[in-house]
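K.L.:
First the structure, then my questions, so here it is.
The values are calculated or read from the model by the stated rules, or taken from the named source; none is laboratory data. Please read these numbers as outputs of a predicted model, since none were measured by experiment. Don't worry about glycine lacking a Cβ; one is built from the backbone with ideal geometry, like all the others, and counts go over all protein chains shown. The area values use the complete protein model at the heavy-atom level, side chains included, leaving out ligands, DNA and RNA. Shrake-Rupley method; radii C 1.70, N 1.55, O 1.52, S 1.80 Å.
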Amino acid sequence: MQDLGGKPVIVRTYEAAKETGLFDEVYVVTDSEIIYNEIELNGGNAIMSKKEHDSGSDRIAEAAENMDVDIVVNVQGDEPFTSKNGLEKVLEVFQGPDADMIDLASLMTEIHDWKEISDPNCVKVIVDKDNFALYFSRSPIPYPRDKNAAVQYYKHKGIYAFRKQALMDFNRLPMRSLEAAEKIECLRYLEYGKNIKMAITTTQGIEIDTPEDLKRANKFLKEETTQVVNNKYRNFPMVPKVVFGQGSFDQLSSILAPKRKDKAPFIFLVDDVFKGNQELVDRINLRYNDKLLFISADEEPKTSQVDEIVKVIKDEFTYKPSGIIGIGGGTILDLAKAVAIMLNNKGSASDYQGWDLVPNKGIYHVGIPTISGTGAEVSRTTVLTGPVKKLGINSDFTPFDQVVLDPDLTMGVPKNQWFYTGMDCFIHCVESLNGTFLNAFSQSYGEKAYDLCKEIFMNGDLSDEESRGKLMMASWHGGMSIAYSQVGVCHAMSYGLSYVLGTKHGIGNCIVFDQLEEFYPEDVALFKKMVKDHNIDIPTGLCENLSEEEMETMIDIALSLVPLWENALGDQWESIATREKLRSLYLKM
Ligand code: NAD
Ligand code: ZN
C-alpha cells in the first residue's frame, strides 16, 4: 500500500500486468481487506483468500482452483515495473520444443555486481545447459573458489508461470527442509523433482523489498515520466561530426587516428560489391590488426547476421575494437550501427528491436554511404529483420559518431538501383510532408530534400557530379525530415512485401508507391513520370501467386506499423486502411 508516484505499489503492479495485454484476466489475490478494497475501488479485479498460506503460489492456487485456465502466471505484488518483455519470455517457453517437460517457468536476469551477488535478498539461480533450474539460493551460487573464475551469476525474478495442474499439485505438497531454510518457494518444486524452465530477461526492473527500494523506484518513475513528456517533443541526438566533399574519403585515416585505442583494431564492414575494387581497399589504409569484412547487401539485414558478425569479432579479438566503420548502402550502414551497439550489449540484436531498449552506449561507429537515398547515414534507427518482426533498433545510441559524405563513392551504382534508393528519399519526403505529424522542423528538411529530388530526377540539366552531390544531401535531409515525424502508407506496405517476399527496401517502396494514387495523387503522378523518363523497370505480379496465409501475414505486418498509419491517415486510420483495402492494393503489385 506504500505510495509509488501517487498510487499504491499494488495498484501499479496490477496496472502494469494488465497493460501488457498478454492475459485474458488479471486478478489481485490477497488476504488483506485494505488491498482488496483498493483494487476494487480502482475498477480492478480482486479475490480474497484465506490468511494462512506458506507462499504466494499457494495463495494463487486457492484462487485458481475453480477457474477454467490453462496457464496461470504469478506476478509478485512488489513488482510494479513488470515488463511485457519478461512476461512474454516466460510464456514463450510453453511453446518451445521441450514444453511438455516443463512444470513451471520462471525468469532470471544476469547480475555482475558482487554486492548484489552476495546480498541474501537477491535470490540466485543456477541452471543446466537447457536453462532448467538446478538450485535456487540466497547464497552466492556457484561459489567462486578462484575469484577470477569466469562464472555468470543469475538473479531470480519473482515471476512464475504454471500449468494449472502443476499449480494445484504445488498446493498439496508439504513444505520440505530446503524451502523452509531458504524461504524460496520454488525450491519445493525441485525438492519434489519437478522441472522449472528459466527464461532470461535483460530488462532489470526494480523490485520493492525495502524502503530504500521504494525511494529508488519513485526516483525511477519520475525519470520515466519526464521521458514520456519528452516523447511529445522528441529529444534526439544528431550525428555530431560529418565531413562532405569529393574525395573526402581520403581523410578517413586522419579522422580515425585519434580514436584508435592502443591495440584495439578498427573493423571495416564493406559492401562486397567492392570486393574486386583494390583501389578502394587501398584507400581504406588498414593499419596494425585492423580487419576488413566484406558483407553482402543481397538481402535485407537480419538480427542473426548482426549476431554472427559480432561473434566473428569477439572470437578473433579479446578486447573491444576501437570502432566499426560501415562502407556501403543502407544495408551495410544499418549493420554497422547494430554491430557497434551489440559489441557493448548482451544477448541478441533481436532483444533490442523497438524503441529505446538499448541500455549501453555502442562503440564508436562511422558511416560512409556509397549510394544515396535511405538517410540511414543520419537516422536514429537500424532496420533489421528478426525472428518475429521487421523493426529497427531505435535508440539514442544508434546514430553514427562520424559520417563521411563523399559523393564520388556513389559513382558505380547501377541505374535502376540509383533510382530505387533515390526514390526512397523522395518517398520519405512525400510521406513526411503529407503526414499528420508534420511540424516546421520536419517540413524544413522535407521540403529541401523534395526539391533536390525533383532537381535530380525531373530536369536533365545537372551534371553527373552535381547530381551525385545533391542526391547525397537530399538523402541526409530526407532522413532528418522523418527523424521528427514518420513515414506513411508506402513504407508500411513495403515492410509487408519485404517480410514475406524478402523484397528489398528501395525497390519495394517503388512497387508500392506506384499503386498509391489515392493517397498521394500528385506525387504518384510525378513518380510515374520519373519512372518513364529514366526508363526504369518496376516489377509487377509479385503478389499474384501468394498463398492465403502469406497474404494474411503481409497484411498483418503492414497493419502492425501503427505510428506510420497514424501519421499518414490520422487517428481514424483503421476505417480507411482496412484489410480488404490492403489486399486489393497488394493484388495490384
Ligand atoms: P543497399 O545497401 O541494399 O544496396 C543496394 C545495392 O546497391 C546492393 O547490391 C549494393 O551492393 C549496391 N551498391 C551500393 N553501393 C554501390 C556502389 N557505390 N556501386 C555499385 N553498387 C553499389 O541499398 P539501400 O537502398 O541503400 O539500402 C536499403 C536498406 O536500407 C534496407 O535494408 C532498408 O531497410 C535500409 N534503410 C534504413 C533506414 C534507416 O534509417 N536506418 C532508412 C531507409 C532504409
Ligand atoms: Zn525508406
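K.L.:
Among 288-297, 506-515, how do they line up from the highest to the lowest mean number of other beta-carbon atoms within 10 Å? Each step should come with its number before you reach the end.
P.N.:
Values: 288-297: 15.4, 506-515: 24.6.
Most protected by this proxy first, the peptides run 506-515, 288-297.
K.L.:
With contacts defined as alpha carbon pairs under 8 Å and 6 or more residues apart, what's the relative contact order of region 369-410 in percent? Show your work: numbers first, answer last.
P.N.:
Details: 46 pairs, mean separation 20.1, N = 42.
Value for region 369-410: 48 percent.
K.L.:
Here's something else I'd like to know. Sort out for me the Cα centre separation of region 294-358 from region 539-589, rounded to whole Å.
P.N.:
30 Å
K.L.:
A follow-up question, please. Could you work out what % of the accessible surface of the chain is carbon and sulfur, using a 1.4 angstrom probe and leaving DNA, RNA and ligands out of the count?
P.N.:
Carbon plus sulfur share of accessible area: 50 percent.
K.L.:
Next question, about the same structure. Take each of the peptides 181-188, 139-146, average the number of other beta-carbon atoms within 10 Å over its residues, and list them starting from the highest.
P.N.:
Numbers: 181-188: 18.0, 139-146: 12.2.
With the highest mean Cβ count within 10 Å placed first, the list reads 181-188, 139-146.
K.L.:
Using +1 at the C-beta of Lys and Arg and -1 at the C-beta of Asp and Glu, which of GLY412, LEU87, CYS122 has the Cα lying farthest in the positive direction of the dipole of the chain?
P.N.:
CYS122
K.L.:
Still on this structure, please answer the following. Within the set of other residues whose C-beta is less than 10 Å from the C-beta of LEU187, count the net charge using Lys and Arg as +1 and Asp and Glu as -1.
P.N.:
Details: positive: ARG176, LYS183, ARG188; negative: GLU179, GLU182, GLU185, GLU191.
That works out to -1.
K.L.:
Right, here's the next one. Please state the relative contact order of region 71-219 as a whole percent: Cα pairs under 8 Å, 6+ residues apart? Please report the intermediate quantities before stating the final value.
P.N.:
Working: 244 pairs, mean separation 55.0, N = 149.
With pairs under 8 Å counted, the relative contact order is 37 percent.
K.L.:
Quick query: amide H of THR503 versus all other amide H atoms, modeled in the peptide plane; which residues come in under 5 Å with a sequence gap of 5 or more or a different chain?
P.N.:
Sorted by chain and number, the residues that satisfy this are SER498.
K.L.:
Calculate how many DSSP beta bridges within the chain are antiparallel, expressed in % of all such bridges and rounded to the nearest 5. It would help to have the intermediate numbers written out before the result.
P.N.:
Working: 25 of 56 bridges.
Antiparallel bridges make up about 45 percent of those DSSP assigns within the chain.
K.L.:
Using Cα pairs under 8 angstrom and six or more residues apart, how large is the relative contact order of the chain, in percent?
P.N.:
Working: 1027 pairs, mean separation 54.6, N = 589.
9 percent.
K.L.:
If you don't mind, another one. Report the GluC sites (Glu not before Pro) located in region 452-551 that are in a DSSP loop and have at most 16 other Cβ atoms inside 10 Å of their Cβ, or state none. List each step's numbers first, then the result.
P.N.:
Numbers: sites: GLU455, GLU465, GLU466, GLU517, GLU518, GLU522, GLU544, GLU548, GLU549, GLU550; in loops: GLU517, GLU518, GLU544.
Of the GluC sites (Glu not before Pro), the ones in loops of region 452-551 whose Cβ has at most 16 other Cβ atoms within 10 Å are GLU517, GLU518, GLU544.
K.L.:
How large is the charge dipole for region 317-386, taken about the Cα centre, if only the Cβ atoms of Lys, Arg (+1) and Asp, Glu (-1) carry charge, to the nearest 20 debye? Provide the component values of the computation, followed by the final result.
P.N.:
Working: 5 positive and 4 negative charges, 39 e Å.
That gives region 317-386 a dipole magnitude of about 180 debye.
K.L.:
Just read off the accessible area of THR436 with the full protein assembly in place, 1.4 Å probe, to the nearest 10 Å².
P.N.:
Estimated to the nearest 10 Å², THR436 gives 80 Å².
K.L.:
Count the lysine pairs in region 125-218 whose Cα atoms sit under 28 Å apart, keeping only pairs 8 or more residues apart in sequence or on different chains.
P.N.:
For region 125-218, the number of qualifying lysine pairs is 25.
K.L.:
Follow-up question, since we're still on this one. Might you report the magnitude of the Cβ-based charge dipole of region 378-461 about its Cα centre, with Lys and Arg at +1 and Asp and Glu at -1, to the nearest 20 debye? Show your work: numbers first, answer last.
P.N.:
On the way: 6 positive and 10 negative charges, 83 e Å.
In debye, rounded to 20, region 378-461 gives about 400.
K.L.:
Tell me, rounded to the nearest percent, the portion of alpha carbon pairs in region 371-458 spaced more than 18 Å apart. Numbers along the way, then the final one.
P.N.:
Values: 2177 of 3828 pairs.
The calculated P(r) of region 371-458 puts 57 percent of pairs beyond 18 Å.
K.L.:
Could you tell me the accessible area of LYS528 in Å² (1.4 Å probe, neighbours in place), rounded to the nearest ten?
P.N.:
80 Å²
K.L.:
Hey, got the dipole for region 233-279? About the Cα centre, +1 on K and R Cβ, -1 on D and E Cβ, debye to the nearest 20? Before the final figure, lay out each step's value.
P.N.:
Details: 7 positive and 5 negative charges, 75 e Å.
For region 233-279, the charge dipole is close to 360 debye.
K.L.:
I need the trypsin sites (Lys or Arg not before Pro) found in region 42-128, filtered to DSSP loop residues with at most 10 other beta carbons within 10 Å of theirs.
P.N.:
On the way: sites: LYS50, LYS51, ARG59, LYS84, LYS89, LYS115, LYS124; in loops: LYS50, LYS51.
The qualifying sites are LYS50, LYS51.
K.L.:
Turning to a different aspect of this structure: Give the average over all directions of the projected area of the C-alpha convex hull of region 50-92, one decimal, in nm².
P.N.:
Averaging across all directions leaves 3.9 nm² for the Cα convex hull.
K.L.:
Pop a pseudo-label 7 angstrom from the Cα along the beta-carbon direction at both PHE94 and GLU116 and give the gap in nm to one decimal.
P.N.:
With each label placed 7 Å out from Cα toward Cβ, I get 2.8 nm.
K.L.:
Distances longer than 30 Å among the Cα atoms of the chain: what percent of all pairs is that?
P.N.:
On the way: 102974 of 173166 pairs.
Of all Cα-Cα pairs in the chain, 59 percent lie more than 30 Å apart.
K.L.:
Then there is this: Could you work out how much longer the chain between MET458 and ALA150 gets when fully extended? Use 0.36 nm per residue separation minus the Cα distance between them, nm to one decimal.
P.N.:
Values: separation 308, 0.36 × 308 = 110.88 nm, distance 6.18 nm.
Going from the current span to full extension adds 104.7 nm.
K.L.:
Something else: What's the angle, to the nearest 10 degrees (0 to 90), between helix 415-433's Cα axis and the longest principal axis of the chain?
P.N.:
Helix 415-433 sits roughly 60 degrees off the main axis of the chain.
K.L.:
Using the heavy atoms of the protein chains alone and a 1.4 angstrom probe, what is the accessible area of the chain per residue in square angstrom?
P.N.:
On the way: 27800 Å² over 589 residues.
For the chain, the per-residue accessible area is 47 Å².
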